[in-house]
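Novice: Please read through the structure below; I'll follow up with questions.
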Amino acid sequence: ELRYPERLNCVAELLDRAVRRGGGARVAIRSASGDWSYAELLEHVNRVANALRGPMGLKTGNRVLLRGANTPWMAAAVLGVLKAGLVAVPTMPLLRARELGAILVKAEVDAALCADGLRAELEAAPGLPRKVVWFNTGGAEGSLEALAAAQEAAFTACDTAADDVCLISFTSGTTGVPKGTMHFHRDVLAICDCFPRSVLKTRADDVFIGTPPLAFTFGLGGLLLFPLRAGACAVLLEKLTPETLLLAIERYRATVCFTAPTFYRQMAALAPTRDLASLRASVSAGEALPLATREAWQRATGLRMIDGIGATEMLHIFISAADDDIRPGATGKPVPGYQACVLDDDGKPVGPGVIGRLAVKGPTGCRYLADERQRDYVRDGWNLTGDAYEMDADGYFFYRSRTDDMIISAGYNIAGPEVEDALLRHPAVAECGVVGKPDEERGQVVEAHVVLKDGFEPSPRMAAELQEFVKEQIAPYKYPRALRFVASLPRTETGKLQRFKLREGA
Ligand code: 3UK
């Protein structure tokens, strides 16, 4: 079991400690604008903390909205807020003024730190607080860089309790209004001491790289907190594409990569042209990893992928597997520290081989911000993530679909991701999304939305070929009776397929 002192500031543990122990000269962050050692990062964080408590006049517990792509100053802003005893409210870079306005109100935000490049939408947001400071400005007057430069380089971490809220993270919400989830200082350390230690087996010479924004807890953990906890190095890059991520892995000799399944799918096609010898771990999360994608990446790189399911409510990954423990098709087993089980609709555990609702429990868990849905997510201390899972006799957990996405056609339960996995094995298929389409006779029919690879043309013949192809691989009743060719699929900023948009026939 993880034990932390009652008084705890997570940044003191993640950063001050590393420098105090002589790690100050090691590289903490690399980026397009240069590198920061641990000592330099600490100094920036301290100056930001001083600016927040000094000229910005913020007090313990005040909430600070953060907005920026993955850059060193965004990292310093997040850590500065936590170290100063304030509450970080990170927001996804693509959010619009109206969405930001909703967060400002819901999270009762007192101040904001925002990257200059993302300024317009925040300035247009209703209810913007008076205290807003911009960064990545190149040092303009009144900017965070300028304010920070005028501050002391030392700052003693605010004496917070282990169970003081330090982070309010909003769900990306493929449907509905984003929900704020609250996390404590000890939760931040707990995620660093679970998945990265037991599954990734992080080392001080690791170099972390990847796509998830720091505003998404997948990215905050994988690209900032985990590397710091290990005394390792984080590469922070903006606007990555599958091509540029591969180039960056080669250039920075990255050892651990974090991204979503779509990126791995696209990178697999390009990987043979790059030298990826430095890479030792490829972590996929955000949505289900099709076995076809896992195999394609392994063929292209010789690397086994680490699938992990995490959630904003749980802060990070709680079921995963690496190396010898990987079972094809399974997400894995509960990360040490967490427990998981599969429940029926009445909340009773089901045996192996039965699909039910995933329930998890561990050092982190869901605490919605003044949200009535708390009771839907947490029951008897178990977190119900909304995922349909099945366990096998050896305790491996197999993802089937989101609970609400299960397709029921003529009495059969069909999981879209299984049909997607079958389609992805066809050489013409680049991306696909499978949903239930209302049907008078069958209730629903399986409908596939297919993006073809370059060089393949949509045609009735291609559609029939793909339908036959699916029937040959999985039970024929699962084949997509309806099939549409599309140019692209709707995805969230976190890489999730927006199935509701496919269902709306968008
Ligand atoms: C789905 C997965 C199958 C699943 C996240 C890693 O995705 C993250 O958080 P979100 O709040 O979404 C949570 C939901 O996403 N999901 C995530 N990973 C997987 N489904 N296989 C997976 N490997 O429905 C879950 O309930 O956006 C992921 C770390 C931190 C995160 N916040």
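Novice: Among Gly365, Phe218, Gln151, whose Cα projects farthest towards the positive end of the dipole of the chain, with charges put on the beta-carbon of Lys, Arg (+1) and Asp, Glu (-1)?
Specialist: Towards the positive end, the residue furthest out is Gln151.
Novice: Still on this model: Over all directions, how big on average is the projection of the convex hull of the alpha-carbon atoms in the range 194-402, in square nanometres?
Specialist: 11.5
Novice: Looking at the range 286-373, which GluC sites (Glu not before Pro) are DSSP coil and have at most 16 other C-beta atoms within 10 Å of their C-beta?
Specialist: Glu372
Novice: Please report Val48, Val451, Val177 as a ranked list, fewest other C-beta atoms within 10 angstrom at the top and most at the bottom.
Specialist: With the fewest neighbours first, Val48, Val451, Val177 line up as Val177, Val451, Val48.
Novice: Cα-Cα over 30 Å: which of Lys437/Lys496; Lys59/Lys201; Lys239/Lys478; Lys179/Lys471; Lys83/Lys201; Lys106/Lys333?
Specialist: Lys59/Lys201; Lys239/Lys478; Lys179/Lys471; Lys106/Lys333
Novice: Positive end of the charge dipole of the range 406-503 (Lys, Arg +1 and Asp, Glu -1 on Cβ, about the Cα centre): tell me which of Gln498, Ile474, Leu452 has its Cα farthest that way.
Specialist: Gln498
Novice: Report the relative contact order of the chain, percent, no decimals, based on alpha-carbon pairs under 8 angstrom and at least 6 residues apart.
Specialist: Contact order relative to length: 11 percent.
Novice: Another question, then. If you consider only alpha-carbon coordinates, what radius of gyration and Dmax does the chain have, in Å?
Specialist: Final numbers for Rg and Dmax: 22.8, 72 Å.
Novice: Also: Is it possible to state the helix-based mean residue ellipticity at 222 nm for the chain, with each DSSP H run of 4+ residues giving -39500 (n - 2.57), the sum divided by total residues, to the nearest 500 deg cm²/dmol? What is it?
Specialist: -7000 deg cm²/dmol
Novice: Taking the Cα centre as origin and putting +1 on Lys and Arg beta-carbons and -1 on Asp and Glu beta-carbons, what dipole magnitude results for the chain, to the nearest 20 debye?
Specialist: In total the dipole reaches around 620 debye.
Novice: When only alpha-carbon atoms are used, what values of Rg and Dmax, in angstrom, describe the range 303-404?
Specialist: 13.3, 43
Novice: For the range 282-353, what class follows from the C-alpha gyration tensor (a ≥ b ≥ c being the square roots of its eigenvalues): rounded when a/c is under 1.5, otherwise prolate if a/b is larger than b/c, else oblate?
Specialist: Prolate is the answer for the range 282-353, as a/c is 1.5 or above and a/b outweighs b/c.
Novice: Let me ask you something else. Hey, can you grab everything whose amide H is under 5 Å from the amide H of Ala115? Only 5+ residues off in sequence or another chain; H modelled, so Pro and N-termini drop out.
Specialist: Arg67, Gly68, Phe135
Novice: Across the range 40-54, in residue order, what do the Karplus-derived ³J(HN,Hα) couplings come to in whole Hz, using 6.51 cos²θ - 1.76 cosθ + 1.60 with θ = phi - 60° and x for Gly and Pro?
Specialist: Per residue, the Karplus-derived 3J(HN,Hα) values read 5, 4, 4, 5, 4, 4, 4, 5, 5, 4, 4, 5, 5, 7, x Hz.
Only the coordinates and a few stated rules stand behind these numbers; no lab work does. It should be emphasised that the depicted structure is a prediction, and the values quoted were computed from it without experimental measurement. Methodologically, a virtual Cβ is constructed for each residue, glycine included, from the backbone with ideal geometry; neighbour enumeration extends over all protein chains shown.
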